[in-house]
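The values are calculated or read from the model by the stated rules, or taken from the named source; none is laboratory data. No experiment lies behind these values; they were computed from the predicted model shown. Here Cβ is always computed from backbone atoms with ideal geometry, including for glycine, and neighbour counts include all displayed protein chains. Surface accessibility is based on the protein's heavy atoms, side chains included, excluding ligands, DNA and RNA. Shrake-Rupley method; radii C 1.70, N 1.55, O 1.52, S 1.80 Å.
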Amino acid sequence: MYKPKLVSCLRNYDKKTFMADLMAGIIVGIVALPLAIAFGIASGVSPEKGIITAIVAGILISLFGGSKVQIGGPTGAFIVIIYGIIEKYGMSGLTIATLMAGVFLILLGVMRLGSIIKFIPYPIVVGFTSGIAITIFTTQIKDLFGLQIDKVPSEFIDKWGCYIENFSTIDLWSFGIGLLSILIIIATPKVSRKIPGSLVAIIFTTILVVILKQYAGVSSIETIGDRFTISATLPSVEMPDLSLDVLKGLMSPALTIAILGAIESLLSATVADGVISDRHNSNNELIGQGIANLATPLLGGIPATGAIARTMTNINNGGKTPVAGVIHAIVLLLIFLFLMPLAQYIPMACLAGVLVVVSYNMCGIPSFLGILRNPKSDVTVLLVTFFLTIIFDLTIAIEVGIVIACLLFMRRMAETSDVKLVSDIDVEEESDLQSNQDEHLVVPDGIQVYEINGPYFFGAGNKAEELMSSLRDLPKVRIIRMRRVPFIDSTGIHNLTNICITSKHQNIDVVLSGVNPKVHAVLEKAHFYEIIGEDHICPHIDIALEKAKELANA
């Protein structure tokens, strides 16, 4: 049953908890401000759209989500996909794709698929996260160095070619501001971990740039006001024009937004659980994320999800319940209404520095290098996802990465099953053995025993058929020992049926040994016993050997 986490948190809510949430909410709101502006601009929209997203999504995710301390808003992970959608479909396309993603997220939660999202392979998550980080860094080179480029190409390789060609147009003042911002962000935690380094960098460099422009005649440093017209008015609700062709064209980007949002929000909530010793409801969290992504685009916002950095800031500053998330959004709303015009003085190079630090933190270099020491299959998934993300786009990277991971998983599962021909059997204490003593059983002439270890599905079934067809000396009876087969699927039943039919044509009897009750029930439901007869199914190898001797001597 759907029940937001806020409902249970308010039952025993008191003044002490509210004061803790109030302080945490104010601090997180201040921390979220520069990030919302930076993520908005980097995504290809105006800065106020980033703040509107943080406000609307921040309130709704806290009101309707499944985590006590999750803080929602725009994140760096969405920059690449948002920029690509706007470039191809425009803002109306982004609005529709975000609305579709909101519907998908709600459906994932309603169908209780929240836990399944957690099983997306770790190399895929690291691969596209690192790829996104590199892409974000690449998009900030122009502003960081103050390069004079009218239009930067959208493709990764073309971008770097354009940067190299135009590197002679570098503006040292802009680069100095960007570098100073990075140094301030790095140094601030050494002085105080409660003061956000990005905010300190923005305030200091903005004041510095205003002074340089007013009193030193430096006019080459571009600010937000030079590129955007700042508006501090709340937007009206706008419904996009929907058509079947547009919906079909945006299906893949919308799914990417939904999957990425689900992964990031649940990852953030899981990390938060480990810190506060609580447990979030993943399905309710997805529903809350879906509601937020249905509302934000109608007000001109961009896709939103749980933000791990802001969530951890909330925890570290004493946030206890979703009320802190609501307060953080109210703080942003007040800043938006009364202080937004001041944002026009923020230098673009400073925002580039903020995003350079964000991209470095996202990159997860230790995790990336750690996976490179893992099996080749994991390395393959990691590198394919990583390079597809930076060279093509995130949609292709996620789709191809998941397909490759599924194929490798199927291969690994097939490798867990083994089929072998044995002559003398050493039988230790097993579930199908009546005696507590170890036994050594000798297989008589004219009888072959095949041992299947592991699930009997497509991999094991093919191995069994190939092994039996490769043997030149045909027996009178084949015993297929299945004591270590935990389950069988339709492919396994099909292969087992083929073995029995082929053996029958060769005048060879087939006896099954040690079939567990679960497998027994599946075979019975599939009418498998009509092929070999239920008397050929033996619970124990001793009985199977006696039956085989009887059939061989008949």
**Helical mean residue ellipticity (222 nm; -39500 (n - 2.57) per DSSP H run of 4+; nearest 500) of the chain** = -20500 deg cm²/dmol
**Message:** Probe radius 1.4 Å, ligands and nucleic acids ignored: give me the carbon and sulfur share of the accessible area of the chain as a rounded percent.
**Reply:** 62 percent
**Fill in**
So the angle from the long Cα axis of helix 490-505 to the longest Cα principal axis of the chain, reported in degrees to the nearest 10, equals 20 degrees
**Request:** Take Thr169, project a point 7 Å from its Cα along the Cβ direction, then tell me which residues of segment 335-360 have their backbone nitrogen under 20 Å from it.
**Result:** 347-353
**Asked** Of the labelled options [x] 1.15; [y] 1.01; [z] 0.97, which one gives Rg/Rh (Cα atoms, Kirkwood Rh) as computed for this structure?
**Response** [x]
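Using R₀ = 60 Å, calculate the FRET efficiency as 1/(1 + (r/R₀)^6) where r is the Cβ-Cβ separation of Leu342 and Thr416; round to 0.05.
0.45
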**Prompt:** When the dipole is taken about the Cα centre of the chain, and only Lys, Arg (+1) and Asp, Glu (-1) are charged at their Cβ, what size is it in debye, to the nearest 20?
**Reply:** 2100 debye
**Fill in**
Highest mean packing first, using Cβ neighbours within 10 angstrom, the peptides 127-135, 496-504 sort as 127-135, 496-504
**Message:** If I stretch the segment between Lys518 and Asn361 completely, what's the gain in nm (0.36 nm per residue apart, minus their alpha carbon distance), one decimal?
**Reply:** 51.6 nm
**Request:** Give me the compactness ratio for segment 1-139, meaning the Cα radius of gyration over 2.2 N^0.38 Å.
**Result:** 1.19
**Item:** From phi via Karplus (6.51, -1.76, 1.60), per-residue ³J(HN,Hα) for segment 53-60 in Hz, x at Gly/Pro
**Value:** 4, 5, 5, 5, 5, x, 5, 5
**Asked** At q = 0.12, 0.13, 0.24 Å⁻¹, what is the log10 ratio I(q)/I(0) for segment 181-278, with the Debye formula run over Cα points and no solvent?
**Response** -0.87, -0.95, -1.15
**Prompt:** What figure in square angstrom, to the nearest 10, would you give for the accessible area of Ser367 with a 1.4 Å probe?
**Reply:** 50 Å²
**Asked** How much accessible area per residue does segment 1-104 have, in Å², with a 1.4 Å probe?
**Response** 34 Å²
**Asked** Percent of alpha carbon pairs in segment 311-398 separated by more than 18 Å?
**Response** 70 percent
**Degrees between helix 172-191 axis and first principal axis of the chain (Cα, 0 to 90, nearest 10)** = 70 degrees
**Request:** Return the tail of the calculated pair distribution for segment 9-58, meaning the percent of Cα-Cα pairs more than 13 Å apart.
**Result:** 62 percent
**Request:** Work out how much length Leu369 to Lys194 would gain on full extension: take 0.36 nm times their residue separation and subtract the Cα-Cα distance, in nm to one decimal.
**Result:** 59.9 nm
**Asked** Quick one: if you stick a label point 7 Å off each Cα along the C-beta vector at Val403 and Glu530, how many nm between them?
**Response** 3.9 nm
**Request:** Could you grab the relative contact order for segment 116-253? Cα pairs under 8 Å, six or more apart, rounded to a whole percent.
**Result:** 16 percent
**Using alpha-carbon coordinates, inclination of helix 541-552 to the longest axis of the chain, degrees** = 50 degrees
**Prompt:** In Å, what is the Rg of the alpha-carbon atoms in segment 181-224, and how long is Dmax?
**Reply:** 12.3, 36
**Prompt:** So for Leu105, Leu99, Leu172, what's the accessible-area order with a 1.4 Å probe, most first?
**Reply:** Leu172, Leu99, Leu105
**Asked** Say each of Lys504 and Glu238 gets a label point 7 Å from the Cα, pointing the same way as Cα to Cβ; how far apart are those two points in nm?
**Response** 7.0 nm
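Can you tell me the length gained on complete extension of the stretch Tyr13 to Ile230, counting 0.36 nm per residue apart and subtracting the Cα distance?
Gain on extension, Tyr13 to Ile230, equals 74.2 nm.
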**Item:** Solvent-accessible area per residue for segment 341-404 (1.4 angstrom probe, square angstrom)
**Value:** 45 Å²
**Request:** Can you find, among Ile531, Ser503, Ile480, the residue farthest towards the positive end of the dipole of segment 466-532? Put +1 on the C-beta of Lys and Arg, -1 on that of Asp and Glu.
**Result:** Ile480
**Prompt:** Using a 1.4 angstrom probe and counting only protein chains, how large is the accessible area of Val110 in Å², to 10?
**Reply:** 100 Å²
**Request:** Take every Cα pair under 8 Å in segment 1-90 that's 6+ residues apart, average their separations, divide by the length, and report that relative contact order as a whole percent.
**Result:** 33 percent
**Request:** Work out how far the C-alpha atoms of segment 131-175 reach from end to end along every principal axis, then list the three figures in whole Å, largest first.
**Result:** 29, 18, 14
**Item:** Rel. contact order, % - alpha carbon contacts under 8 angstrom, at least six apart, the chain
**Value:** 23 percent
**Asked** Taking N as the number of residues in segment 127-212, what is its alpha-carbon radius of gyration divided by 2.2 N^0.38 Å?
**Response** 1.27
**Asked** Simple spin-label model, 7 Å along Cα-to-Cβ: Ser490 to Ser92 in nm?
**Response** 4.4 nm
**Prompt:** Can you run phi through the Karplus equation (6.51, -1.76, 1.60; θ = phi - 60°) for segment 203-214 and list ³J(HN,Hα) in whole Hz, with x for Gly and Pro?
**Reply:** 4, 5, 5, 5, 4, 4, 5, 4, 5, 4, 6, 7
**Asked** Roughly how many Å² is the accessible area per residue of segment 169-324, as a whole number, for a 1.4 Å probe?
**Response** 47 Å²
**Request:** Give me the percent of DSSP beta bridges within the chain that run antiparallel, rounded to the nearest 5.
**Result:** 45 percent
**Nonlocal amide H pairs with Thr223, under 5 Å, H built at 1.01 Å** = Met348
